[in-house]
Amino acid sequence: MENERRVQQKTPAGRYALLDELRGLDLVSMMLYHACWDMMFLFGIWMDWYAGMPGRLWQQTICWVFILLSGFCLPLGHRPLRRGLIISGAGVLVTAVTLLFMPEDRVVFGVLTLLGAAMLITGLLQPLLPGVWYANLFTAFFGFFPRGFFSTDYFPLLPWLFLFWAGYFLHFCMGRARMEPLRRSVCPALGWMGRHSLLLYLLHQPVIYGVLSAAAVLFA
């Protein structure tokens, strides 16, 4: 009983603790996945399983949970447009940093750009597809990329917007009353990570790269 009281005190009032913790758990999985990516493509440690179907399935489970959960949680917030602008700005920051410091592994229209745009579009209106398909960077943003387009992290609006919307409408299908069990906390540490997922997402790759670089020097 005492432990349960402590857990409830650590969880901000009004939040669904299990949703934060699920986001935190997915964030941990993403960090491990990116650590493996760094080891393979930046440090030359080849892993057949990572380059094959197991690695692909791992990557897909991460993005599916992340996007679906973001759509599901959007109705819980009071300022979806403001949140969308913040996430979109973070996506622009990731693109700018990768273009500046690692253009060969640049991120163009990555998952943050997708989530930010999905939040803005969902908060405003149903999107209309452009008239000219597969033409340029503008059409690539919607999912119709031109010949020669490249991005190491590519999540266009289509089809991923529909996964976001699946989470959004799943929220209303469930109803707030049936979501009450989600307020119970299981792992507060993961919940903290889930509540600070944007900051941790932006910082995790530089930190992982620094740790792996230090390890490479130490054990060289």
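Tabulated results
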item	result
Span-like helix ranges in the chain, DSSP H, alpha carbon extent 15 angstrom or more, Kyte mean at least 0.0	17-41, 53-73, 80-101, 111-124, 157-174, 197-218
Per residue Cα convex hull volume in Å³ - calculated over region 20-96	95
Ratio Rg/Rh [Cα only; Rh per Kirkwood] for the chain	1.00
Sequence-separation-based contact order of the chain, relative, with Cα cut under 8 Å and 6+ spacing, percent	36
Dipole of the chain, positive end: most advanced residue of GLY89, MET119, TRP37 [Cβ charges, Cα centre]	MET119
Tensor-based shape of region 84-191 (alpha-carbon gyration tensor, a/c under 1.5 rounded, otherwise prolate or oblate)	oblate
Accessible surface of region 179-220, 1.4 Å probe, proportion on carbon and sulfur as whole %	76
Surface accessible to a 1.4 Å probe, per residue, for the residues of the chain, Å²	59
Computed helical MRE - 222 nm, the chain, DSSP H runs ≥ 4 contributing -39500 (n - 2.57), nearest 500	-22000 deg cm²/dmol
Electrostatic dipole magnitude of region 122-218 [Cβ: Lys, Arg +1; Asp, Glu -1; Cα centre; debye, to 20]	320
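The values are calculated or read from the model by the stated rules, or taken from the named source; none is laboratory data. From a predicted model like this one, the values you see are computed outputs, not experimental measurements. Every residue, glycine as well, gets a Cβ built from its backbone with ideal geometry; the counts of neighbours run over all protein chains shown. These area figures cover heavy atoms from the full protein model, side chains too; ligands, DNA and RNA do not enter into them. Shrake-Rupley method; radii C 1.70, N 1.55, O 1.52, S 1.80 Å.
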